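To start, the structure under review is shown below, and the notes come after it.
All of the numbers you see were taken from the coordinates with simple rules; none came from a lab. Fair warning: this is a prediction, and the values are worked out from it, not measured in the lab. No Cβ is skipped: glycine too gets one built from the backbone with ideal geometry, and neighbour counts run over all protein chains shown.
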Amino acid sequence: MSLNVGLVGATGMVGEEFIRLLTKRNFPIKSLRPFASEQSLGRSIELNSAKYPIQILEEGCFDGLDLVFFSSGDDISLEWAPKAVAAGATAIDNSAAFRMNPDYPLVVPEINADQLKSKDTPQLIANPNCSTIQLVVPLLGLKKFGLERVQVSSYQAVSGGGKPARDELLAQTRIHSESQSTDPVVDSKPDKFPHQIAYNCIPQIGGFNDDGYCSEEVKIMNETKKILGLPGLPVSAFTVRVPALNGHAEAVWVTLQQDVRRDDILFALKNTEGLQVIDDPKTNQYPTQVQASGQEDVFVGRVHKDLSQQNTWLMWVVADNIWKGAALNGLQIAERLFL
Ligand SMILES: NC(=O)c1ccc[n+]([C@@H]2O[C@H](COP(=O)([O-])OP(=O)(O)OC[C@H]3O[C@@H](n4cnc5c(N)ncnc54)[C@H](OP(=O)(O)O)[C@@H]3O)[C@@H](O)[C@H]2O)c1
């Protein structure tokens, strides 16, 4: 089987990685229809030595497609993903538009691929938030010990905000380096972030609600429960944007219902699909963002018992937010459906 594939947001941070991964994973493509905004008209996308011109979204634009990936933000997905399904395609959506809608599955294939319908049924599938995906993979490994509570603090790369956000960190770093100043303040007005991101950490990703949580934290707390099928699981998140270029890291506290030995925890994590354990802190072995960037798996290390809370384990979880956190997970959903 080879498929006619649409890619909405083909010129973006996630879209470009979709193109790279389609080739890397030999996804069977008959044709590609890449979509972007009007400003990208005239450009084309190269895939497997063929060139495909960028198109804009318009009525009938999905006709004849089997599968459409959406990576252009909530408003575009809300309007256009249902149209792709109505045109007979399966839509895999990277935005937050449908994630918490009970009518649509929110899928990390290692965990809940059983929620996908048959490949012959056009369907809309939501791809989870990047920080959520990398959190639920180790939680899957620990689920058999009974999950009592999850607390997470994230350290998220600028690539999570898309190309303009990444470029803002690069520009601020360049301006500062050229000034040869040792003062941490950069002479450049922030645009994509609420504060200077170079040499800084910003405890805000998205807008705040009345409870004091920002939207990234709410996504992690809600999506984790939906994916794991544990609506009553207490999850608390605190998210921070850091000046890493790519790769999100998370310090995670997991409270289990059972009293388990460290060896059993490590054995369970090592046997979890899509997860690699790097855990020898005394020789400085634990995963880092630079190491995880461009890798398909989620990584976990620094697994140790919390001395202040019963049955609670601390760990450091790292993944490439554009790959497993977005494009790769979307592609893995498509692979489960069609291959
Ligand atoms: N970055 C991440 O780590 C990550 C992780 C998970 C999910 N996501 C989600 O994935 C989506 C894309 O994120 P990104 O980081 O790739 O953003 P990005 O780098 O800013 O790319 C946005 C893409 O959307 C396209 N676009 C803008 N307006 C459009 C329109 N009217 N019609 C069609 N295409 C349009 C852009 O095309 P032009 O180049 O022509 O402007 C570009 O291709 C967002 O929903 C984001 O929340 C991102």
| said: Given the options Met1, Ile227, Ser188, identify the residue whose Cα lies farthest towards the positive end of the charge dipole of the chain (+1 on Cβ of Lys, Arg; -1 on Cβ of Asp, Glu). | reply: Met1
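Between rounded, prolate and oblate, where does the chain land on the alpha carbon gyration tensor, with a ≥ b ≥ c its root eigenvalues, rounded for a/c under 1.5, else prolate if a/b exceeds b/c?
oblate
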| Between Glu148 and Thr288, how many nm apart are label points set 7 Å from Cα along the C-beta direction? | 3.5 nm
| field | FRET E, pair Lys117, Ser177, Förster distance 45 Å, beta-carbon r, rounded to 0.05 | value | 0.30
| query | So which trypsin sites (Lys or Arg not before Pro) in the range 249-326 end up in coil per DSSP with only 10 or fewer other C-beta atoms within 10 Å? | reply | Arg261
| query | Using a Gaussian network for the chain with springs between C-alpha atoms less than 10 Å apart, which of these wobbles most: Gly64, Gly207, Gly274? | reply | Gly207
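Assign unit charges at the C-beta atoms only (+1 for Lys and Arg, -1 for Asp and Glu), then state the dipole size of the chain relative to its Cα centre in Debye, rounded to the nearest 20.
680 debye
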| request: Show the residues, 5+ positions off or on another chain, whose built amide H is closer than 5 Å to the amide H of Phe69. | output: Gly6, Leu7, Val8, Ile92
| For the pair Phe267 and Val240, what calculated FRET efficiency results from E = 1/(1 + (r/R0)^6), where r is the Cβ-Cβ distance and R0 = 35 Å, to the nearest 0.05? | 0.65
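Restricting to DSSP loop positions (anything but H, G, I, E, B) with no more than 13 other Cβ atoms inside 10 Å of their own Cβ, which GluC sites (Glu not before Pro) remain in the range 1-78? List each step's numbers first, then the result.
Details: sites: Glu16, Glu17, Glu38, Glu46, Glu58, Glu59; in loops: Glu58, Glu59.
Qualifying residues, ordered by number: Glu58, Glu59.
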| field | Sequence-separation-based contact order of the range 1-128, relative, with Cα cut under 8 Å and 6+ spacing, percent | value | 21 percent
| note | Given Cβ charges of +1 for Lys and Arg and -1 for Asp and Glu, the option among His304, His176, Trp253 whose Cα lies farthest towards the positive end of the dipole of the chain is His304
| message | Can you work out the Karplus-derived ³J(HN,Hα) for every residue in the range 107-113? Use 6.51 cos²θ - 1.76 cosθ + 1.60 with θ = phi - 60°, whole Hz, and x for glycine or proline. | response | 10, 10, x, 4, 9, 9, 4
| field | Placed amide H near Trp313: partners under 5 Å, 5+ positions off or other chain | value | Val254, Thr255, Leu256, Asp306
| task | Obtain the nm distance between the two label points defined at Glu46 and Cys201 by a simple spin-label model: each point lies 7 Å from its Cα along the Cα-to-C-beta direction. | result | 4.1 nm
| the range 132-321: relative contact order as a whole-number percent, Cα under 8 Å and 6+ apart | 29 percent
| said: Springs between alpha-carbon pairs under 10 angstrom, Gaussian network model over the chain: which of Gly12, Gly294, Gly146 fluctuates most? | reply: Gly146
| query | Which length gain, in nm to one decimal place, applies between Ile56 and Thr312 when the Cα-Cα distance is subtracted from 0.36 nm times their residue separation? | reply | 87.1 nm
| Which whole-Hz ³J(HN,Hα) couplings does the range 208-221 yield from phi under the Karplus relation 6.51 cos²θ - 1.76 cosθ + 1.60, θ = phi - 60°, glycine and proline marked x? | 9, 9, 5, 7, x, 8, 8, 5, 4, 5, 5, 4, 4, 5
| Cut-off 12 Å between beta-carbons: net charge of the residues surrounding Ile54, Lys and Arg +1, Asp and Glu -1 | +1
